[in-house]
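Reviewing the structure listed below.
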Amino acid sequence: MHNGEVSYWWQARGLPPRRPALPGGTDADVCIVGAGYTGLWTAYYLKRADPALRVVMLEAEFAGYGASGRNGGWVTAALPGSRSRYAAHPRGAQGVRDLERHLRETVNEVARICAAEGIDAGLVKGGTLSVATSAAQDARLRQQLVAERSWGNDETIVRYLGKEELAGRLKVAGAVGALYSPDCARVQPANLVAGLAEAVTRSGVLLYEGTPVASITPGFARTPGGDVRAPIVLRCTEGFTAELPGQHRTLLPMNSSMIVTGPLSSDAWRSIGWDGCETLGDEAHAYMYAQRTVDGRIALGGRGIPYRFGSGLDHDGVIPPSTIAQLGRILRRMFPVATEAGIEHAWCGVLGVPRDWCATVMMDPRTGLGWAGGYTGHGVAAANLAGRTLADLVRGVSSPLTALPWVGHPSPRWEPEPLRWAGVHSLYALYRTADRLEGAGRSPRTSLLARAGDLISGIPH
Ligand SMILES: Cc1cc2nc3c(=O)[nH]c(=O)nc-3n(C[C@H](O)[C@H](O)[C@H](O)COP(=O)(O)OP(=O)(O)OC[C@H]3O[C@@H](n4cnc5c(N)ncnc54)[C@H](O)[C@@H]3O)c2cc1C
């Protein structure tokens, strides 16, 4: 079994040859630090809006080395933050509704660009299913549905599926019901990011790899091989942000881990179904997420070890055997027939979590510094919307996107260690206890346990 090696997604398509590193100091109109979805989409839309712009991208490893080449492949319209917190923006609830509508449209925008640029990302817009496998989880689904309706989201946006209707799409052992939303697509993440990087370089963006940026200051991105001087410098480093000077407490690098099975037999697929390629999650507190891959496997993820002391990062995605075993148990419980296919690869990556769990798109015209991220695990579609928004902000264009409530959203900083480590680990200890009790049919106090975890961590409801 492979462990790490960046991700199964990259191993399946082959790690890319490196593009050249920055050869020395240079000037640009816009310098983008980090070549994941956020940086690449920003570059893509900037060049389309103004082909004359000199855009330089600096990437420490290679385009898609981070979460963008390792994720669960959900192009999801899920809000990367809390409705009530975004509603504190002057545009109030209407601003939140607009942000959610733009996110839903973004799923189609990603599909449109894939088609236009010839990016074969295995994109299928089959929607997303959130299943309940206990009475307590089912109760949470129904509460969520009430909340959705109170925000004006009708049956076309989200609806409840009973056990039988769910089984007609996908058979998950022990499932009692699900919420279904059509606004999600499945992709092979590395194919998406690699295709996007090619589209961006085709458009004339200079993308330098193997070029770690040591610091960002107004007008400069400094690297060991020379500085890029640019009036606009954009930080698009999400889960890696804590490594940059002055940013240690901006975004917490939250770890997420994945496994992928070998290809399932056609008998196994016949018994599971899943012909619509919906993305799949559950309603556990320490939730799982999964997809049917383009090559006939199940890729499944969950939290594993959520956070490393001092905002430490992983080494090319290697995960401990205990996390592989934990994810394997979820796989066997939900899909007993998948056991025959075995687990072929495991890996992890980091995503960025702000203290209030709400993503931000930011541009300070006084300093020329901007950034976007903190998508809290919902970054695949959100990075496209953030990239389009940053492109408008950089060009000083006022648009419906620049009026969305995540633009300029201020999140507090994280506590220093060891409080940060203790907080995240207590949260997940409480979540796991709550999930264990619910699995054993004991639920009355589990919501209190989970709520205590939410209060510690600041997770909104
Ligand atoms: C395992 C996992 C599963 C996930 N599943 C989903 C999902 O299914 N759906 C979803 O919506 N979201 C998911 N996410 C979150 C999503 O993948 C991320 O939010 C998104 O990819 C962030 O993109 P980004 O470009 O902002 O950051 P990244 O993709 O992390 O890119 C940042 C880039 O910056 C580079 N970099 C960092 N520091 C420097 C520096 N100093 N100098 C130069 N370059 C630097 C890194 O090498 C990296 O390439 C998941 C994340 C993980 C880890």
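The values are calculated or read from the model by the stated rules, or taken from the named source; none is laboratory data. What you see is a predicted model, and the numbers here were worked out from it, not measured in a lab. Cβ sites come from the backbone with ideal geometry, for glycine too, and all protein chains shown count toward neighbours. Accessible surface areas use protein heavy atoms only, side chains included; no ligands, DNA or RNA. Shrake-Rupley method; radii C 1.70, N 1.55, O 1.52, S 1.80 Å.
Can you compute the modelled spin-label distance between ALA167 and ASP50, with each label point 7 Å from Cα toward Cβ, in nm?
Spacing of the two 7 Å Cα→Cβ label points: 5.9 nm.
How tilted is helix 92-117 with respect to the longest principal axis of the chain? Cα atoms for both, answer in degrees (0 to 90, nearest 10).
Helix 92-117 sits at roughly 80 degrees to that axis.
Tally up the carbon and sulfur contribution to the accessible surface of region 156-208 as a whole percent, 1.4 Å probe, everything protein left in place.
54
Calculate the all-directions average of the projected area of region 54-145's alpha-carbon convex hull, and give it in nm².
Here the figure is 9.9 nm², rounded to one decimal.
Any idea what diffusion coefficient the chain gets from Stokes-Einstein, in µm²/s, Kirkwood Rh on alpha carbon pairs, 37 °C, 0.692 mPa s?
In µm²/s, the coefficient is 147.
Would you tally the net charge around ARG329, using a Cβ to Cβ cut-off of less than 15 Å, leaving ARG329 out, and scoring K and R as +1, D and E as -1?
+3
Could you work out how much longer the chain between ALA116 and THR339 gets when fully extended? Use 0.36 nm per residue separation minus the Cα distance between them, nm to one decimal.
Between ALA116 and THR339, full extension yields 76.4 nm more.
Quick one: with all protein chains in place, what share of the accessible area of region 246-372 is carbon or sulfur, to the nearest percent (1.4 Å probe)?
57
Eigenvalues of the Cα gyration tensor times 5, then square-rooted: what semi-axes does that give for region 88-207, in whole angstrom, largest first?
Rounded to whole Å, the semi-axes are 33, 22, 11.
Just the number please: accessible area per residue for the chain, 1.4 Å probe, all protein chains included, in Å².
In whole numbers, the chain has 38 Å² accessible per residue.
Between the helical axis of 37-49 and the dominant principal axis of the chain, each derived from Cα atoms, what acute angle in degrees is found, rounded to the nearest 10?
Relative to the chain, helix 37-49 is tipped by roughly 50 degrees.
Find me the longest stretch of the chain that has none of the exposed GluC sites (Glu not before Pro), where exposed means in a DSSP loop (not H, G, I, E or B) with at most 16 other Cβ atoms within 10 Å.
That gives 156-461 as the longest site-free run.
Round to the nearest 10 and give me the degree value, 0 to 90, for the angle of helix 380-394's Cα axis relative to the longest principal axis of the chain.
30
So what's the net charge close to THR237: Lys and Arg +1, Asp and Glu -1, counting the other residues with Cβ under 12 Å from its Cβ?
My count for the surroundings of THR237 gives -3.
Run through region 282-384 and list the trypsin sites (Lys or Arg not before Pro) located in a DSSP loop whose Cβ has at most 11 other Cβ atoms within 10 Å.
ARG366
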